[in-house]
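To start, the structure under review is shown below, and the notes come after it.
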Amino acid sequence: MPGFGFSLGFTLFYLSAIVLVPLAALIIRPWELGWSGFWAEITQPRVLAALKLSFGASAIAAAVNSIFGLVVVWVLVRYRFPGKRIVDALVDLPFALPTAVAGIALSALYAPNGWLGAPLEQAGVKVAYTPYGVMVALIFIGLPFVVRTLQPVLSDLSRDAEEAAATLGATRMQTFRRVILPSLAPTLLTGTAMAFARAVGEYGSVIFIAGNLPMVSEITPLLIIIKLQEYDYAGAAAIGVVMLGVSFFFLFALNGLQAWIGSRR
Amino acid sequence: MKPLIRPRSATDDHPLTKIVLSAVAVVFIALFLVMPLATVFSEALAKGWEAARDALIAPDALDAIRLTLIVAAIAVPLNMVFGLAASWCVAKFDFKGKNLLVTLIDIPFSVSPVVSGLVYVLIFGLQGWLGQDLRDHGIKIIFALPGIVLATMFVTFPFVARELIPLMTDQGRDEEEAAVSLGASGWSTFRRVTLPNVKWALLYGVLLCNARAMGEFGAVSVVSGHIRGLTDTMPLHVEVLYNDYQYVGAFAVASLLAMLALVTLGLKSLLEWRFAGEIAATHKH
Amino acid sequence: MSLVIDHVTKRFERFPALKGVSLEAPKGCFLALLGPSGSGKTTLLRILGGLEFADAGRIAFDDLDWLALPARERRAGFVFQQYALFRHMTVAKNIAFGLSIRPRRTRPTRAEIARRVEELLALVQLDGLGKRYPSQLSGGQRQRVALARALAIEPRLLLLDEPFGALDAKVRKDLRHWLRSLHERLGLTTVFVTHDQDEALELADLVAVLNQGRIEQIAAPAELRARPASDFVADFLGQGPAGPGIVPLRTNSRSGPTRDGWAFQAR
């Protein structure tokens, strides 16, 4: 069949030009500082604080999403209720809504005079311009990853095993805990890891609500932009390489996880 | 006959469980998804319809809309052509390193948007690899349209390809081989056999690619330089207005983007529902 | 009389699956529900197991109002056609499941459960395979694990849905005899569903022939052979072993559902 040489050639050229060469430029750049310079760059207290916030808030947001995402999927797959199609479509909103829009919306919503910010303020909880704000934005951005990963698997889960558990005397809760959850666990882990990986790199939806106080609510991607504004390219690249390493780790870990799930079936 | 006592079905949840779980799901979605969306429109109209409209027809806003359309008009077709070429060679031929190629195509999805912009600054920026040469020749890439287009292409790179690759792999190569054996050229085989088979999946991918291209913020923010009227796309304009405390203007432009998102979601659901068999299996509901 | 089914009816959205089925069977009986796909036999079995609910009618077993009990309180061991083993548990864990989920007061000790599992593994001739996962077993072995799992709860009633349906002919024949002797040894009341008349006639004490949601005849195998009560029964018993694909449906069927449509509805 014709077209192999042309299509593969074009694919490789375009892939290299747009993705691979630029990434190589990133990976090479920080080494002009030498290993010790690179290490000094990424172990500055401000960088460490940003990394800690990015990973910590992402982990908490992913954990929240794994629980509520599971509930949302369960309700969407197992129950019938009016407006289900709309709720189902809405789940994709964080994928479709530009992150800057989400960012200013969340910021306005949780600001001290916002719809949610005002009552929370009365209750003594500050969300906007604190690390909690970062978490809220990351929960928003991560939800569809958990829901969309889990949804097809729960839909395809055969009812046989649940019926068998019932005839053997299991309560619904026991069936869920011992039969359903173990079948969903690998996929739930996949979706949660995807939400986490996305959250670590997220920028637009976070910066408006975060307040961006150095050492307190400053996320790692923002620090890259600050370094660039100071024309500290090598410093920006050093942080960029760390983030890229995390991305690659997740990319391959998730591929491995998928392969493992595939082999279990 | 006496009425039956009817226990619940063995795989049915307790009615109370149903109510509690449904309530949790609905409240969670209302808090985290519906309320932010409602905020956008409510803030845009906070000072009335006129104020929102005026903000949208301000010269800077119109420039931002124009720039966003231009960027999408360049980046989306290029990524579409790439998606078609990549899925053609991956789905219709066997070669070494195919799995690696598919993984590499997915990379931009897992990279932080800020890093996606950063890589181009490191090449084309003033202190980048080519920065000095470009400056000597008077070519501007960073803080100009080409940089914005490149960053947008990077972040939307996989959309079309990842829709088409699984679908075309499923479809196999029988039809194309039949067409070639009947004397069709490669190009007419592609145009008359392959393309009609994947047109809805292609539209699906282009739709998502376009939504992201018009809405990208992080990557574009790094390469744009925020020059009002020149290098501000709509999302960047939203940021500028917001940081200027011009909330009505910021949310007016944001509501335009939110409407784009809602239209995208509507069309996406329509495609999933109407053409379930003709888009990739992962999207069937 | 131990199992009494009295005018049980069941309608799915579009099809009447059971149109008033009544039968009686003594305790310790091996009862076969025989009929083509869509005759309602699986639906009746699932109603007995508590997995489906009758629209009307009564079922009494052991003097209990059987239909008022939820599935998990019936202690009816149900063996599914596709085994329905828990894939993420070992064979031993599968068999132990029914015991290990009991409330602490009535749960046997860990050692006691382990002993019961060993016994059951020996009973179904799978000694030493307790640590395997279901995916590492053959079809016939999986079917015996499913049976051992159902027996572990000391069922009052054993329900088998086409237990040999997914197995090849040779394994089927072997398992048939083994199942019959097991039934006698344990003194169980067993109901099993099949579309294979040879299987029903060879195994059962009592055969109920179902057709389109009604019982055409219920009798001992010899009686059934000698005096079929209707053309349908004579037809159905007359032909050679029927595979699932070549089961005849009467062409004058009123509702006219397809075989697949029925099968889908009834599952």
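The values are calculated or read from the model by the stated rules, or taken from the named source; none is laboratory data. Here the structure is a predicted model, which is why all the values come from computation and not from measurement. Neighbour counts run over all protein chains shown; Cβ positions are idealised from the backbone, glycine included. Note: areas computed on protein heavy atoms with side chains; ligands, DNA, RNA excluded. Shrake-Rupley method; radii C 1.70, N 1.55, O 1.52, S 1.80 Å.
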Inset, instruction - Report, by chain and number, residues whose modeled amide H sits under 5 Å from the one on C:Leu160, excluding near sequence neighbours (fewer than 5 apart, same chain). - result: C:Val79, C:Val191, C:Phe192, C:Val193
Legend entry - Minimum 30 Å² accessible area buried by the other protein chains, the range B:22-41 residues, probe 1.4 Å, relative to alone: B:Ser22, B:Val24, B:Ala25, B:Phe28, B:Ile29, B:Leu31, B:Phe32, B:Leu33, B:Met35, B:Pro36, B:Leu37, B:Thr39
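With each run of n ≥ 4 DSSP H residues scored as -39500 (n - 2.57), what mean residue ellipticity at 222 nm is computed for chain C after dividing by its residue count and rounding to the nearest 500 deg cm²/dmol? If you can, show how the numbers build up before the last one.
Working: 10 runs with 98 residues, N = 267.
The helix contribution divided over chain C gives -10500 deg cm²/dmol.
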Inset, instruction - Using θ = phi - 60° and the Karplus relation 6.51 cos²θ - 1.76 cosθ + 1.60, list the HN-Hα couplings for the range C:181-187 in order, rounded to whole Hz, with x at every Gly or Pro. - result: 5, 4, 4, 5, 5, 8, x
Inset, instruction - Please find, in a Gaussian network model of chain C (springs between Cα atoms separated by less than 10 Å), the residue of C:Thr189, C:Thr106, C:Thr43 whose mean-square fluctuation is greatest. - result: C:Thr106
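Please say if chain B is rounded, prolate or oblate, where rounded means a/c under 1.5 for a ≥ b ≥ c the square roots of the C-alpha gyration tensor eigenvalues, and otherwise the choice is prolate for a/b larger than b/c and oblate otherwise? Display every interim value, and only then the final one.
Working: a/c = 2.17, a/b = 1.09, b/c = 1.99.
It is oblate, given that a/c is not under 1.5 and a/b is not larger than b/c.
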Inset, instruction - Would you compute, for the Cα atoms of the range B:149-285, the largest minus smallest coordinate along each principal axis and list the three values in descending order, in whole Å? - result: 65, 31, 19
Inset, instruction - Please give the total accessible area that chains B and A bury against each other, computed with a 1.4 Å probe and expressed in Å² to the nearest 100. - result: 7700
Inset, instruction - Calculate the mean, over all residues of peptide B:233-244, of how many other protein chain Cβ atoms lie within 10 angstrom of the residue's Cβ. - result: 3
Inset, instruction - Using θ = phi - 60° and the Karplus relation 6.51 cos²θ - 1.76 cosθ + 1.60, list the HN-Hα couplings for the range A:144-154 in order, rounded to whole Hz, with x at every Gly or Pro. - result: x, 4, 5, 5, 6, 6, 7, 3, x, 5, 5
Legend entry - Scaled radius of gyration (Cα, divided by 2.2 N^0.38 Å) that the protein assembly as shown gives: 1.15
Legend entry - From phi via Karplus (6.51, -1.76, 1.60), per-residue ³J(HN,Hα) for the range A:44-51 in Hz, x at Gly/Pro: 4, x, 5, 5, 4, 5, 5, 4
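Please state, rounded to one decimal and in Å, the Kirkwood hydrodynamic radius that chain C gives when every pair of distinct Cα atoms enters the mean of 1/r. Don't skip to the end; give the middle numbers.
Working: mean 1/r = 0.0522 Å⁻¹.
Computed over chain C, the radius equals 19.1 Å.
Of all the Cα-Cα pairs you can form in the range B:50-188, what percent are over 18 Å apart? Mind showing how you got there, number by number?
Details: 6600 of 9591 pairs.
Tail of the P(r) past 18 Å holds 69 percent of the pairs.
Of C:Lys19/C:Lys41; C:Lys131/C:Lys170; A:Lys84/B:Lys268, which sit over 23 Å apart, Cα to Cα? Write down the numbers at each step before the final one.
Numbers: C:Lys19/C:Lys41 12 Å; C:Lys131/C:Lys170 27 Å; A:Lys84/B:Lys268 16 Å.
Correct reply: C:Lys131/C:Lys170.
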Inset, instruction - Give me the Debye-computed log₁₀ of I(q)/I(0) at q = 0.15 Å⁻¹ for the range A:204-264, equal point scatterers on Cα only, no solvent, two decimals. - result: -0.61
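Sort A:162-170, B:55-63 for me by packing, meaning the mean count of neighbouring Cβ atoms within 10 Å per residue, highest on top.
Working: A:162-170: 25.3, B:55-63: 16.0.
Order by mean packing, descending: A:162-170, B:55-63.
Would you mind computing the Rg to Rh ratio of the range C:81-156 from its alpha-carbon coordinates, Kirkwood style for Rh? Please report the intermediate quantities before stating the final value.
Values: Rg = 11.6 Å, Rh = 12.3 Å.
Across the range C:81-156, the Cα-based Rg/Rh ratio is 0.95.
Keeping every protein chain present and rolling a 1.4 Å probe, give me the accessible area per residue for the range B:223-285 in Å².
Value for the range B:223-285: 43 Å² per residue.
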Inset, instruction - With an 8 Å cut-off on Cα pairs and a minimum separation of 6 or more residues, tell me the relative contact order of chain A in percent. - result: 30
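Residue by residue through B:92-101, how many Cβ atoms from other chains fall within 10 Å of the Cβ on average? Don't jump to the answer; show the numbers that get you there.
Working: counts 5, 6, 1, 2, 0, 0, 1, 1, 0, 4.
For this peptide, the per-residue mean of nearby foreign Cβ atoms is 2.
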Legend entry - Pair-distance profile P(r), taking every C-alpha pair of the range A:57-218, with 5 angstrom steps and integer %: 2, 9, 15, 17, 17, 14, 10, 7, 5, 3, 1, 0
Inset, instruction - For C:Asn211, enumerate residues with amide H under 5 Å from its amide H, sequence gap 5+ or separate chain, H modeled in the peptide plane. - result: C:Glu216
